[in-house]
Amino acid sequence: MKQEDRLKIQAWLDGELAPQESARIADLIDNDLEAKELADDLRAIQKALEVGEKQTVLEDSREFYWSQVERQIEAEEPITENTQPELVSGSLGNALRWLIPVGSLAAISALMLNFDSINTTPDLPKTGGSKIENPQTNPINSPSGLAEGAGTVMEEESPATPEVGVFSFEGTQNGGNFASPEDPNTLPESIENPER
Amino acid sequence: MAKLDIPNAADDELVRSAQKGNMAPYEELVHRHRDKIYARAFSMLRNEEEALDVSQEAWVKGWQRLKQFQHNSSFTTWMTRICINLCLDFLRKRQRQQTDSLDQMEEETGGVERRMEAEDYNPTEEMERSELRKEIDAAMEKLSYEHRTVLVLHEFERMEYKEIAKSMQCSIGTVMSRLFYARRRLAKILISLKKERQS
């Protein structure tokens, strides 16, 4: 008998096998002696484990045990989520994060263009002008798109910013991440929806 | 609003009160369920001190996350899952410091049990329940942590394969394989314990 079939016999006993596969395994158990013996063995172990676990009881008194838990809770309580004060509100902060560099760049560009127009040197207008204007006329080639101005940048960035927020929010709310016990932030949420 | 009669209140009432920041109802919850949480930690870690520490840590985490508990499951189920996660975390850290266990190597290479003949084991024929529990406990002690954990989660916590896979950070196939060998090994140990008892 293949190991795959052994595992499927076990899964069948555990009620974990898909219906179409279940019929085949049931048939195998009926007609194959080795499969039948394996199923009997696994059933016997399942039956043995049904009696449950040995009772284990804490020896510490209620007061002593709680005092230790309480002490740990109090020790960790001062930790707050926002350790740094926010200078500006979230949406304004996000806008400023982009507006400031974009505005600065725009100001520098304007200054350079002005400088370009008032410059009396004959060589400078051609070379200097094209270097500055390129990112504006061909935004695809612009490495960051910053030269396009604040409005465009915000349009491009705004869908990405909430996505990050949504992602981290979902990670904690739905918490499918029961599998990641290292991250205590995911622990309880994952437990909220036990599938069984 | 009537004052909560803490000793006689239902778990759910205590949880709702504790969610508002009241610690006294939480203390009652700890008192009611501390044995169960400790027992789960002990069954996985097999060390009294470590189980005590982890169980207390679970209660601390429970308090810190209590507001996120949405009453979709029982409070004890929720707390037990926290405890299990902490135990798995602890075991993973411990495992990293050790070389791979023999069981793990056997799983990868095929193992002794793959070639082992099916053994007829009928444990409940003449044993008392408490005696059988003790025997199972002794046998569980002899299992590797991977095998013990998968058995605890499946047989005692009634978790499905996919839940176990998530918890143990492995594939469903690995869960099936571990569970299979864990059961075979447990049967083998129980048979040898039975023989010891009879001789």
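The values are calculated or read from the model by the stated rules, or taken from the named source; none is laboratory data. Keep in mind that this is a model prediction, so the values were computed, not measured. Positions of Cβ are backbone-derived with ideal geometry, glycine not excepted, and every protein chain shown enters the neighbour counts. Please note that ligands, DNA and RNA were not included when accessible areas were found on the heavy atoms of the full protein model with its side chains. Shrake-Rupley method; radii C 1.70, N 1.55, O 1.52, S 1.80 Å.
Quick look at the numbers
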quantity	calculated
Of residues in segment B:71-86 being within 9 Å of chain A (Cβ to nearest Cβ), in a helix (DSSP H, G or I) and not charged (D, E, K, R), the one surrounded by the fewest Cβ atoms within 10 Å (Cβ to Cβ)	B:THR77
Test result for B:LEU91, touching a Ser or Thr at 6+ places or on another chain (Cβ under 9 Å), farther than 18 Å from A:THR56 by Cα and among the hydrophobic types (A, V, I, L, M, F, W, C)	yes
Listing of helices (runs of 4 or more DSSP H) fully contained in segment B:1-70 that carry 2 or more residues being surrounded by fewer than 21 Cβ atoms within 10 Å (Cβ to Cβ) and within 11 Å of chain A (Cβ to nearest Cβ)	B:23-45, B:48-64
B:SER17 vs. criteria polar (S, T, N, Q) and under 25 Å from B:PHE156 (Cβ atoms)	no
Total residues in segment B:150-171, condition part of a helix (DSSP H, G or I) and either at the interface with chain A (Cβ under 9 Å from one of its Cβ atoms) or at pLDDT below 95 (or both)	12
Residues of segment B:141-199 that turn out to be touching a Gly at 6+ places or on another chain (Cβ under 8 Å) and either open to solvent by 50 Å² or more (accessible area, probe 1.4 Å) or aliphatic (A, V, I, L, M) (or both), as a count	1
